[in-house]
Every structure is written in C-alpha cells, then in structure tokens.
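Presented below is the structure to which this report refers.
The values are calculated or read from the model by the stated rules, or taken from the named source; none is laboratory data. Small disclaimer: the values here were computed from a predicted structure and weren't measured. Note that we place each Cβ from the backbone using ideal geometry, even for glycine, and neighbour counts take in every protein chain shown. Just so you know, the surface numbers come from the protein's heavy atoms only, side chains and all, with ligands and any DNA or RNA stripped out. Shrake-Rupley method; radii C 1.70, N 1.55, O 1.52, S 1.80 Å.
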Amino acid sequence: MIDAGLKKEIEGLMIKFPCIDSAILPSLTLIQERKGFISQGDMEELSRILKFSQARIFSVASFYSMLKLRPRGKYHLQVCTNISCSLLREKTLMEHLSRILGIGDGETTGDGLFSLEAVECLGSCGYAPAMMINSDHFENLGFDQVDRIIESLREKERAGGV
Amino acid sequence: MNEILLRNRGTANLHTISVYREQGGYRALEKALSLQPDDVISIVQESGLRGRGGAGFPAGAKWRLLTRYRVKTVYLICNADEGEPGTFKDRYIMEFDPHCLIEGMTIAAYATGAHHGFIYIRGEYDWIERVLELALAEARTEGMLGHSIMGSGFSFYIDIYRGAGSYVCGEETALIESLEGKAGRPRLKPPFPAASGLYGEPTVIHNVTTLSFIPFIIINGPDAFKGIGKNRKEGTKLFGISGHVNRPGLYEYPMGTALRELIYEAAGGVRDGKGLKAVIPGGLSAPLLRADEIDVEMDFPSLNAAGTMLGSGGIIVLDEDTSIPRMAQKAAAFYAHESCGQCTPCREGTHMIKFLIDRINEGQGTGTDLEHILKLCRYIRGSTICAFGIAATMPIAAMIVKFRSEFEALLRS
C-alpha cells in the first residue's frame, strides 16, 4: 500500500525533473526507504501513479541491486567482498559475519533482525574492510569491533528500541 | 606546490561555503563569468585537462563539441557513480570540498551553455549526498547557483540523482539511461552524448575529479596546470592506494610520477616487510603489473605503452603471499555480477569465465581451462556495445598470462 503521504512525495518527484521518466528510480528508492522493500503491489500502484506500464516499473526495480523486491532483516548488512576488502586478513569480514549470525549470503536471521548480503566495491578500498548497515557506512573494521556493533544492535532491540 | 585538489585537506569545515570562500573559493566562477564562454573553453583546452574518470578524453575538446548546439537545451552531468574497485577519490571531494565541485560544474555549464545539471551519485554514498544537498542549498542562498548567478544573467540549477547499485551506470550512456528511468544499459555510440544525450538533448558528462580541477585552471591559467605534471604531462592525479601497503589512502601527485614512488614513498611500501608480487595500477579493470614492471610513469600514454591503463588511478598493491588465482576469482565474480546482460558475449562470457576460474580455485580445473578462459576473453573483447566487455576481460587475461604457473599449479593433474 502506498499511503497518501508517500503518494504526495512521489507526486513531488513527478514534477521535480524535466522529464517524468526520471521520477521512476527515485520513486522506487523512496518506497524502499519507507517500507523496507518494494512489493508487487507497490509496483502496481506506482505504475498507476506515474502512468507507466508495470513492465517498465519492474524492469527498473529488478535491474538495480540496491532495490529489494523481498523483505529483508531490520538491519540489512551489505558486506564488501571485492579485492581490497578481502586482502587484509586470513578470513574475510563476510565469513566472520556469516559465522556470528549463523546465516549465509542472502539470508535473514530467524528473528528477522539481521540479513546479510555480499556486495561489490563500496568505495572504501583505502579504509578496508567495509560494510554498510542499512544506509550507514562502517570502515576499517576489526572483527572485535564488528562483534560490538552487532551486540549493540541486539541490545537495542532487547531494550525495546525502535 | 604539487597539490591542487587536496591542497586544503584538513582545513576545518572546508565543506561550508564560508570556509571555502576564505580559501579563495568562487573567485574562479566570478572570473569565468566575466569572460566569453568560448574563452573559458580555450583556457581549459590549453590546459590539456583530460577526463579523470578513466577514459582520459580531453575536457576542452568535449566542451567545444557542444558549442554547435547553442540553440538547443544542453545538459551537464557530473558522474559521481564511483564504483571501480580500488577507487575512492570522488567521495573525498564531495564530502570534504563539495563547493569545489559545484564551482567547477557551474563554470563548465557556463562554457557549454547548460542551464540544468545533475550529479549522479552512487546509491551507497548516502551520507555524502546529504553533504552535497547542504552545499547546494548554501550556494543557492549566496547566489553562486540558481537564477542569474552573481547578477550575471547566467542561470544554472543542479539536481542530485541517486543511483541504486549498478557498476555499469558509471558508463556515460548507461548513466543517461538510468537518469531517464530505465535499466542502466549502455547505448550504442554514435550518437555520442554531446550530440544526443539526456532526453535526446546535447549533454556533457564529466567525472567529479575532472570538474573539480576547473576552478584552479581558470584562476591560475592553463600553464600553471600543465606545469605541475612531470615530463610535460598535464596536471595532477588523485591516486587511491589500497591493499597490502603501510599507509593506504588517497594521494595527489603530478601526472607522470613513478608507480614505485607512489607505493614506496607515498604509501610507505608493502606492509609487514613483505615483498611485492603485483600491482593493479588503475582500478580493477586495469591489467596488473608484476613487481618487475613497476618502474613506469603514471600517466595515460606511459601506462598504455606498458599494456595497461591509468584508469581511475585506483592502485591495489598485492604482496608476495597473494594468490593471483584467488584475485582472478574475485574479479571474475565482480564482472559476472555487474554485466548488464544486454550483449550476449558479455552476459554469457563473464559467467563462463567465472565458472572456469571457480573450478580452478576449487582444484577441479582441467588442462584446457586456461586456454578456454583466454579464448573467451578474446571473443568478448570488441563484440560488445560498451567497454565493459574489454574491462572484464583484460585484467583476467593479464593475470593468467603473467602468473600462469600459479593457475597451472591448481589444475587437476
């Protein structure tokens, strides 16, 4: 469901650019920001709002790796697995996270809190290894520091955080 | 003085317009607006500035192409879709010196007759986008951007446009497709964007770093820029050095600086006292150099002559213990993942290469696998719409050719 507020924001994007086509990608990004992922129903509604075919909307939504068409964990971990981030330690950050969370690439923990995704270069090569949690960047990560970050997020949830 | 873009590094609050102006910011724009657009183009052309995104096309010549379209709507796009593995230069400028980019863009717009510009920034740079938004708002408030800039009658507007995780969108026509609300699949060229780009209109596209050199060139003149490069090479280059070095980070050195100097002096040499095995000199897509090949000058022609390229200036250093077949596996996975899928040789070929390299790394490779990979590399090269096919095959072929024995040692006997 795209609610009235979100619809209004999308309508703002429709007049922001010289050509309405340019509103498609920002609209999809916006829906994901608000709802965590983009559902089939969202794409159908967006197609009606922007007056583009559903096929056009889906062709964009399915092309870009940051756009998610399925639910993710509340904290979505995107871990760089490219060269510079893999060079510095025996084990990679991805392997470490996979072990402490008990999930693999593309999976979500049973409590829905964490999902893990191997991604390509995050532009942090000089500050490797790096990952993102939702839209926040973390760089120069040591494994003990990663453990503390994960634990602090779990703690926040236990305390009934937002 | 050898630094242009990093000369104010460390200045507190450089990202604010007041500090930027204290450092002499926006004087170049004022000067440019007092000149004729053609004269601005001439200055940039004389400076010899070449595109810093990777391809190295002369910036002034690109602008000159636009002058024949003065009656049409011209768009200016800043390519901030930094995604070449090993590269982290544009993010520095946008985060710490955003007004330098905005000033450079506005001068470029004035020279080419553009009134609307876009900064296409990769989706992962969320925090940088917020810095840019604030900087744009400041520039508008102070009359450096928007309607009749500094009362000159020239108007220019900039919108930020966010990518969503696609490497190929760094290719200029894929970027335009993405901006037009489509999947980012490169267009067949010609027509080049200068003739038919965004919304079918003449469009000039530059990398963040290229545009950020413009204010310096306008204020100090073309000779000051040319004078910095070694052996008559033009200007400076930002080098991002990562991997097995003591001091990874971003450095600015004159064009033509020796690769050895960058690794051993700027970045403090190979870490843990180890020996050097190989260096990727210009982002992952640049074929790697063996340790005995690093006495090369870092500029466009010298690296081309050495069989590789300057590319984005992303230098990845690999120490003696690095497994090149493992690096090839990472590279193959990257290109297979990022191929847009438009051209069959690239879509299928990158996955076949990945399959074979995975198999070799798992100890399941057969005697003909290496030849098959090299053959696939040859088939993909030149048979695709964009340069991705070349970028995907050159580095992998070089790894196999230069370190063949490492691959052969993994093959099933």
Next item on the list: Confirm whether residue A:126 is out of contact with any His (no Cβ under 8 Å at 6 or more places or on another chain) and not in a helix (DSSP H, G or I).
Entry: no
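Step by step: first the residues of the range B:118-136, then only those that are farther than 15 Å from residue B:103 by Cβ and over 21 Å from the mean Cα position of the chain (by Cα), then the one that is farthest from the other protein chains (Cβ to nearest Cβ). Which residue is that?
From the range B:118-136, those farther than 15 Å from residue B:103 by Cβ are B:118, B:120-131, B:133-134; that's our starting set.
Checking which are over 21 Å from the mean Cα position of the chain (by Cα) leaves us with B:130, B:133-134.
Details: B:130: 10, B:133: 13, B:134: 17 Å.
Once the filter is applied, the top-ranked residue is B:134.
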Checklist line | Index of the failed condition, residue A:84 passing every other in (1) closer than 30 Å to residue B:86 by Cβ; (2) within 12 Å of chain B (Cβ to nearest Cβ); (3) surrounded by fewer than 18 Cβ atoms within 10 Å (Cβ to Cβ); (4) not charged (D, E, K, R) | finding: (3)
Check: Do you know which residues across the range B:150-161 are within 10 Å of chain A (Cβ to nearest Cβ) and buried (at least 20 other Cβ atoms within 10 Å of the Cβ)?
Finding: B:161
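Against the condition part of a helix (DSSP H, G or I) and surrounded by fewer than 23 Cβ atoms within 10 Å (Cβ to Cβ), how does residue B:46 come out, does it pass?
Working: part of a helix (DSSP H, G or I): yes; surrounded by fewer than 23 Cβ atoms within 10 Å (Cβ to Cβ): yes.
Judged against the criteria, residue B:46 is a match.
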Margin query: For the structure I just gave you, tell me whether residue A:113 is touching a Cys at 6+ places or on another chain (Cβ under 7 Å), surrounded by 13 or more Cβ atoms within 10 Å (Cβ to Cβ) and in contact (Cβ under 8 Å) with a residue 40 or more places away in the chain.
Written below: no
Next item on the list: Could you tell me whether residue B:163 is modelled with pLDDT of 95 or more, in contact with a Lys or Arg (Cβ under 9 Å, 6 or more places away or on another chain) and not aliphatic (A, V, I, L, M)?
Entry: yes
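Quick one: is residue A:38 open to solvent by less than 20 Å² (accessible area, probe 1.4 Å), in a loop (DSSP other than H, G, I, E, B), in the same structural domain as residue A:144 (by TED's automatic domain parsing) and over 27 Å from residue B:282 (Cα atoms)? Can you show your working first?
Numbers: open to solvent by less than 20 Å² (accessible area, probe 1.4 Å): yes; in a loop (DSSP other than H, G, I, E, B): yes; in the same structural domain as residue A:144 (by TED's automatic domain parsing): no; over 27 Å from residue B:282 (Cα atoms): yes.
Considered against the rule, which asks whether it is open to solvent by less than 20 Å² (accessible area, probe 1.4 Å), in a loop (DSSP other than H, G, I, E, B), in the same structural domain as residue A:144 (by TED's automatic domain parsing) and over 27 Å from residue B:282 (Cα atoms), residue A:38 comes out as no.
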Item checked: strands (runs of 3 or more DSSP E) fully within the range B:171-259 counting 1 or more residues that are on the phi > 0 side of the Ramachandran plot -> B:236-243, B:249-254
Check: Name the pairs whose Cβ atoms lie under 8 Å apart, with the first residue in the range B:298-318 and in a loop (DSSP other than H, G, I, E, B), the second of a type in the set (Ser, Thr, Tyr), and 6 or more positions between them or separate chains?
Finding: B:298/B:253; B:298/B:257; B:309/B:285; B:311/B:285; B:312/B:87; B:313/B:87
Check: Conditions: (1) part of a helix (DSSP H, G or I); (2) open to solvent by less than 20 Å² (accessible area, probe 1.4 Å); (3) away from chain A (no Cβ under 11 Å). Residue B:347 meets all but one. Number of the miss?
Finding: (2)
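Out of everything in the range A:24-56 that is of a type in the set (A, V, I, L, M, F, W, C) and in contact (Cβ under 8 Å) with a residue 40 or more places away in the chain, what residue ends up being nearest to the other protein chains (Cβ to nearest Cβ)?
Top of the filtered list is A:50.
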Notebook entry, point to check: For the range A:1-32, how many residues are within 14 Å of residue A:47 (Cα to Cα) and part of a loop (DSSP other than H, G, I, E, B)?
Noted result: 2
Notebook entry, point to check: Quick one: what pairs do we get from the range B:222-233, first residue among the aliphatic types (A, V, I, L, M), second crowded, with 20+ Cβ neighbours inside 10 Å, C-beta under 6 Å, 6+ apart or different chains?
Noted result: B:228/B:235; B:228/B:236; B:228/B:254
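Is it fair to say residue B:400 is at pLDDT 95 or above and under 23 Å from residue B:307 (Cα atoms)? First the steps, then the outcome.
Values: at pLDDT 95 or above: yes; under 23 Å from residue B:307 (Cα atoms): yes.
Here the answer is yes, as residue B:400 does meet what is asked.
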